[in-house]
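Q: Shown below is the structure under consideration.
Read the figures in this text as sums done on the coordinates, not as results from a lab. What you are looking at is a predicted structure, and each value in this text was computed from that prediction instead of being measured.
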C-alpha cells in the first residue's frame with residue numbers, strides 16, 4: 001500500500017499486513033496517550049493524521065484542519 005483510500009482510521013488499519021498493523025497500533029497508542037487536549041485523529045492525505053480541528057482553529061490557509069503529525073505505513 002502506498003496511499004490508503006480509506007476514509008476511517010479503522011479502515012486504514014484493516015488494510016495493513018498483520019505485522020505492520022501491530023507496529024502502527026503500538027505507535028498510535030503512544031501518540032494518543034501524549035496528544036495535546038483538543039487535537040483529533042483523522043484520515044489526512046491517505047494517512048492517519050493528528051490535527052488541530054477547525055472548531056479550535058478555523059482560519060487555515062486551505063480551509064482544512066491544521067495537520068500536526070501523521071502516521072503511515074507506506075511500503076512499495
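Q: Quick one: among 29, 63, 11, which has the greatest mean-square fluctuation in a GNM of the chain with alpha-carbon springs under 10 angstrom?
A: In the Gaussian network model the winner is 63.
Q: If you build a Gaussian network model of the chain, linking Cα atoms that sit under 10 Å apart, which residue out of 61, 17, 25 swings the most?
A: The residue that fluctuates most here is 61.
Q: Grab the Cα-Cα distance for residue 42 and residue 74, subtract it from 0.36 nm times how many residues apart they are, and report the gain in nm with one decimal.
A: 9.8 nm
Q: How far is helix 18-34 tilted off the main Cα axis of the chain, in degrees rounded to 10, range 0 to 90?
A: Approximately 30 degrees, to the nearest 10.
Q: Run the numbers for residue 55 and residue 17: contour at 0.36 nm per residue of separation, minus the present Cα-Cα distance, in nm.
A: Result for the pair: 10.2 nm of gain on full extension.
Q: Report the residue, chosen from 28, 20, 56, that carries the largest GNM mean-square fluctuation when the chain is represented by alpha-carbon nodes joined by springs under 10 Å.
A: Result: 56 has the largest fluctuation of those listed.
Q: With n ≥ 4 as the cut-off for DSSP H runs, can you work out [θ] at 222 nm for the chain, using -39500 (n - 2.57) per run divided by the number of residues, rounded to the nearest 500?
A: Mean residue ellipticity at 222 nm (helix-derived): -10000 deg cm²/dmol.
Q: Dividing the convex hull volume of the Cα atoms of the chain by its residue count, what figure in Å³ per residue is obtained?
A: Measuring per residue, one finds 88 Å³ for the Cα hull of the chain.
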